[in-house]
Amino acid sequence: EVQLLESGGGLIQPGGSLRLSCAASGFTFITYAMSWVRQAPGKGLEWVSATTGSGATTYYADSVKGRFTISRDNSKNTLYLQMNSLRAEDTAVYYCAKVRNDYTPDNWGQGTLVTVSS
Amino acid sequence: QPALTQPRSVAGSPGQSVTISCTGSRSDVGAYNYVSWYQQYPGKAPKLIIHDVIERPSGVPDRFSGSKSGNTASLTISGLQVEDEADYYCCAYGGRFPLVVFGGGTKVTVL
């Protein structure tokens, strides 16, 4: 059974940094691309970033490009999202997702809440 | 502004059918047969119910079906049940920039 467990969320001031982690199990981690998707309070889903199985190629939404960095440690079956220069509009539940060949998610974690506020 | 357009809400009585549309462009929905649909209950993570436009993952009831015509994909729930009351999101592969796009979500209400 695929399991994805996010951690690292919390309250952070505008301009601050935070690193999210996603521990994966139940599948061969290195063979799957992974993504981060977020959902602002009361709003819809927004794709944030993705990385290939090797981690060699990364993709970002325009809204986070240059501020967020996705990475993975395949020896630890863990996905990361380094978030810098955080803004109020980054406030959201961040979901880690295992993705299909077309990069659309098929399995989701339970999410971790990031609140950017002074 | 979400890249894919969905109606904000649809409603139906138990046993009826409802259809949710998802309109994109020639760069995403219209370009590839890579459209997924998700069901989300309040406070819960989304769940995949349709992938590759028409395919249902194991365990998803066959009252959920997907289709596509041109730049518009659709999700139909046949024989609506009380437990189908949830938010539904479409998602499509966008090529490279952006890689993936979501719809704004549709709230399904069972009357």
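Each reported figure results from applying straightforward, stated rules to the coordinates on display, with no laboratory input. This is a predicted model, so every value here is computed, not measured. Here the Cβ is made from the backbone with ideal geometry for all residues, glycine too, and neighbour counts use every protein chain on show.
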task: Report P(r) for chain B: all Cα-Cα distances, bin width 10 Å, range 0 to the bin holding the largest distance, values in whole percent.
output: 16, 50, 29, 5, 0
query: Tell me, A:Thr28, A:Thr51, A:Thr91 in order of fewest to most beta-carbon neighbours within 10 Å?
result: A:Thr28, A:Thr91, A:Thr51
- prompt: Roughly what % of Cα-Cα distances in chain A sit above 17 Å, to the whole percent?
  reply: 49 percent
- line: Over all directions, the protein assembly as shown yields a Cα convex hull whose mean projected area in nm² is 11.8 nm²
message: Over the Cα atoms of segment A:69-118, each weighted equally, I'd like the Debye log10 I(q)/I(0) at q = 0.23, 0.24, 0.30 Å⁻¹, rounded to two decimals.
response: -1.02, -1.07, -1.19
query: Taking each residue of A:47-57 in turn, how many C-beta atoms of other protein chains fall within 10 Å of its C-beta, and what is the average?
result: 1
- line: Taking 0.36 nm per residue of separation between A:Asn74 and A:Ala40 and subtracting their Cα-Cα distance, the length gained on full extension comes to 9.3 nm
- request: Could you line up B:Ile49, A:Ile12 from fewest to most neighbouring Cβ atoms inside 10 Å?
  value: A:Ile12, B:Ile49
